[in-house]
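I have placed the structure first, in the form of structure tokens, so that the comments after it can refer back to it.
Every number in this text was worked out from the coordinates using simple rules, so none of it is lab data. Keep in mind the model is a prediction, meaning the values are calculated, not measured. Methodologically, a virtual Cβ is constructed for each residue, glycine included, from the backbone with ideal geometry; neighbour enumeration extends over all protein chains shown.
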Amino acid sequence: MKIARLLLLVVLLAGCASQTIEPSYYLLRSGKDLSSSTLRPSSDFSLGAVEIAPYLDQPGLVMETTEGQMRPASQNLWAEPVFDGVRNFLATEIAQAHGQELLPAKLTSDSTVVNIRIDQLHGTRDGKAIIVAYWWLVRADQVIALNRFSESRALQTSGYGALVDAEKVLLAELAQQIATSLVTARSAAE
């Protein structure tokens, strides 16, 4: 009887050990309503380079585990390369805030180019999402404005889904700041 129980326990434990945990996948998509319409591209501004820090360029969402140490998640992954997600998210949000789409710089001429660099975009050990980003406006090969955006946002709940939600809010705030800087740049040029 004792041996039968022991064998049953071993079989149950072996069954539990063989179960795999399904990964969760996340998209960076704007929550803005994107209805079908004729797009209104800006004649004054275009979207240039959008860069992300190399530590972010991986499938897993990134969390700070201790001061200066980062760990990518192995089961909580981006559904597409994070570079593509960030670029598409910012392009959509800037267009919504600015009222006009920014075409890629290579498709336009004589426009002021908006270049963006995301240096930090990760979760912190104290339950926040953090972003540090820079953007600069270039007209006729001259930098006419250089800006930094550094913010954090507390997660509404625990978990990676809450981290993604907070990162989207921070990216939307960055896009709003960029759109505001375009209005300022246009006014200065007139």
Inset, instruction - Could you check, for segment 165-186, whether at least one of its residues is assigned to a helix (DSSP H, G or I), within 16 Å of S30 (Cα to Cα) and among the basic types (K, R)? - result: yes
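Looking only at residues in segment 43-72 that are of a type in the set (G, A, S) and within 17 Å of I130 (Cβ to Cβ), which one is farthest from the chain's Cα centre (by Cα)? Spell out the reasoning first.
Within segment 43-72, the first condition is being of a type in the set (G, A, S), and the residues that meet it are 43, 46, 48-49, 53, 60, 68.
Still in the running and within 17 Å of I130 (Cβ to Cβ): 53, 60, 68.
Values: A53: 11, G60: 12, G68: 20 Å.
For segment 43-72, the residue satisfying everything is G68.
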Inset, instruction - Return the residue satisfying two criteria in turn: it lies in segment 107-131 and is closer than 23 Å to V183 by Cβ and either touching a Lys or Arg at 6+ places or on another chain (Cβ under 7 Å) or among the hydrophobic types (A, V, I, L, M, F, W, C) (or both), and of such residues it is surrounded by the fewest Cβ atoms within 10 Å (Cβ to Cβ). - result: L107
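Give me the strands (runs of 3 or more DSSP E) completely within segment 19-94, filtered to those with at least 1 residues that are at negative phi, buried (at least 17 other Cβ atoms within 10 Å of the Cβ) and aliphatic (A, V, I, L, M), ordered by residue number.
Details: elements: 24-26, 41-52, 60-66, 69-78.
Of the strands (runs of 3 or more DSSP E) lying wholly inside segment 19-94, those with at least 1 residues that are at negative phi, buried (at least 17 other Cβ atoms within 10 Å of the Cβ) and aliphatic (A, V, I, L, M) span 41-52, 60-66, 69-78.
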Inset, instruction - Determine the pairs where a residue that is touching a residue at least 60 places away in the same chain (Cβ under 8 Å) and over 19 Å from D119 (Cα atoms), located within segment 155-183, has a partner that is β-branched (V, I, T) and buried (at least 21 other Cβ atoms within 10 Å of the Cβ) with Cβ atoms under 9 Å apart, the partner being 6 or more residues away or on another chain. - result: A179/I94; L182/I94; L182/T112; L182/V114
Legend entry - Subset of segment 95-121 (residues that are assigned to a helix (DSSP H, G or I), in contact (Cβ under 8 Å) with a residue 60 or more places away in the chain and under 17 Å from L171 (Cα atoms)): Q96, A97, H98
